[in-house]
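A.B. asks: Supplied in structure tokens, the structure appears directly below.
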Amino acid sequence: MLPSVWGRRLVSVFIGGGTPSLFSPGSIDALLAGVRARLPLEPGAEVTLEANPGAVEAARFRGFRDAGVTRISIGVQSFDDAMLAALGRIHSAAEARRAIAAALAAFDNVNIDLMYALPGQTIAMLENDLAAALQCGVPHVSAYQLTIEPNTVFYSKPPQLPEHDAAADMQVAVEETLAAAGYEHYETSAFAQPGRRCKHNLNYWEFGDYVGIGAGAHGKVSFPDRVTRHERIKQPAQYMKASAEQQSRIIPPAELPFEFMLNALRLVEGFPASLFPERTGLPLMTIGSELEAAERQGLLERDWRRIAPSGRGRLFLNDLLALFVGESTARGSGVRVSGPATRTS
């Protein structure tokens with residue numbers, strides 16, 4: 001992979017998946033040194049480390065900062081101990097608060113992940129979670145609807161979740177509460193104080209390139225004549241034996257419009273019209289009829305400079321994205337249309 005991206009500059013590094021905060025600060029320092037030795041890191045690059053709440057990990061935050069980490073993302077999920085137990089989390093609400101305080105003492109850029117539409121959760125319970133998050137004073141909040149994925153405990157024994165429209169009402173509550181507190185809603189699940197948007201995740205939503213390193217990691221790299229996706233070996237033991245191996249495929253041109261829109265339409269402010277040809281290599285007229293259909297249905301707003309989901313389009317994101325699913329994508333690409341808390345039409 002390295003020869004194909006040689007000379008490119010890194011604008012962000014995201015150390016996530018699993019629990020990377022279990023590594024020592026020295027190990028993170030060695031990892032980042034290895035990255036810098038291979039590819040130039042932009043001055044002021046964003047370097048995020050995911051962390052689970054816990055006293056041992058929180059004590060390491062200053063060491064992570066000294067190693068070069070600039071941003072911490074904490075998987076809080078909820079400030080309600082009953083909800084944490086329902087999710088199978090091993091930390092408590094009190095531990096989450098202590099971890100956030102320790103992170104803010106070492107970093108000025110901290111995100112917390114919250115989940116909503118949890119088993120037995122009501123809007124009042126969600127509002128308590130939001131109030132607790134605001135009381136902590138973090139500059140970035142990611143709020144995700146709980147979804148049941150295959151090959152999980154919940155999938156084999158699904159719990160009783162709030163009804164679909166109730167979950168959508170929860171999403172509206174999240175948006176309104178955080179907006180009133182001064183957070184910018186810039187992506188379907190992301191809310192930031194001014195100047196604190198996540199650069200790394202924005203690159204995903206703008207269909208930018210990224211290199212995935214580690215077991216099960218995914219990457220996307222563009223070339224003048226093609227856009228490719230890459231997947232590393234999933235099993236850690238096998239990955240360690242053959243870390244250089246990966247599965248690669250060229251994204252067929254017929255699938256590129258949907259892949260682009262699946263990401264870019266999550267951006268509340270939309271994207272520059274020029275970004276579509278820049279990132280896909282296709283003229284904007286390729287999706288002309290789809291854009292017109294979305295506009296007629298009130299799901300999309302556009303002018304010659306920018307394309308964005310309308311307020312209705314954000315609530316009915318599944319319907320909007322479905323307009324861009326080409327025949328080949330629908331038949332077998334395996335890409336799933338989804339959107340947190342999107343309403344049924």
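The values are calculated or read from the model by the stated rules, or taken from the named source; none is laboratory data. What you see is a predicted model, and the numbers here were worked out from it, not measured in a lab. No Cβ is skipped: glycine too gets one built from the backbone with ideal geometry, and neighbour counts run over all protein chains shown. Please note that ligands, DNA and RNA were not included when accessible areas were found on the heavy atoms of the full protein model with its side chains. Shrake-Rupley method; radii C 1.70, N 1.55, O 1.52, S 1.80 Å.
A.B. asks: Given a 1.4 Å probe and the protein chains all in place, what does the accessible area of His185 round to, in Å² to the nearest 10?
C.D. replies: Accessible area of His185: about 40 Å².
A.B. asks: Highest mean first, how do 211-221, 280-290 rank when packing is the count of other Cβ atoms within 10 Å averaged over residues?
C.D. replies: Order by mean packing, descending: 211-221, 280-290.
A.B. asks: So, in Å, what gap is there between the alpha-carbon centers of the stretch 1-80 and the stretch 211-231?
C.D. replies: 20 Å
A.B. asks: Something else about it: Whenever you get a sec, line up Met240, Met115 from highest to lowest accessible area (probe 1.4 Å, protein heavy atoms).
C.D. replies: So, going from the largest accessible area down, we get Met240, Met115.
A.B. asks: Another question about this same structure. Which Cα, out of Ile74, Ala132, Ser12, lies furthest along the positive dipole direction of the chain (beta carbon charges, K/R +1, D/E -1)?
C.D. replies: Looking along the dipole axis, the top candidate is Ser12.
A.B. asks: Taking the Cα centre of the chain as origin, work out the dipole magnitude from +1 charges on Lys and Arg Cβ and -1 charges on Asp and Glu Cβ, in debye rounded to 20.
C.D. replies: 1060 debye
A.B. asks: Let me ask something additional. So, in Å, what gap is there between the alpha-carbon centers of the stretch 97-123 and the stretch 247-293?
C.D. replies: 33 Å
A.B. asks: Further, regarding this structure: Only four residue types carry charge here, +1 at the Cβ of Lys and Arg and -1 at the Cβ of Asp and Glu. Report the dipole size of the stretch 61-139 about the Cα centre in Debye, rounded to the nearest 20.
C.D. replies: 260 debye
A.B. asks: Using 0.36 nm per residue of separation minus the Cα-Cα distance, give me the extension gain between Trp6 and Glu176 in nm, one decimal.
C.D. replies: 56.8 nm
A.B. asks: Given the Cα-Cα distance of Ala85 and Glu163 and 0.36 nm per residue of separation, how much length would full extension add, in nm?
C.D. replies: 26.0 nm
A.B. asks: Helix-derived [θ] at 222 nm for the chain: sum -39500 (n - 2.57) over DSSP H runs of at least 4, divide by residue count, nearest 500?
C.D. replies: -11000 deg cm²/dmol
A.B. asks: Let me ask something additional. Multiply the residue separation of Arg306 and Ser24 by 0.36 nm, subtract the distance between their alpha-carbon atoms, and state the gained length in nm to one decimal.
C.D. replies: Value of the extension gain: 97.1 nm.
A.B. asks: What distance in nm separates the simple spin-label points at Ala105 and Gln238, each placed 7 Å from Cα in the Cβ direction?
C.D. replies: 4.4 nm
A.B. asks: Expressed as a rounded percentage, what relative contact order does the chain have, with Cα pairs under 8 Å and six or more residues apart?
C.D. replies: Dividing the mean separation by the residue count of the chain yields 11 percent.
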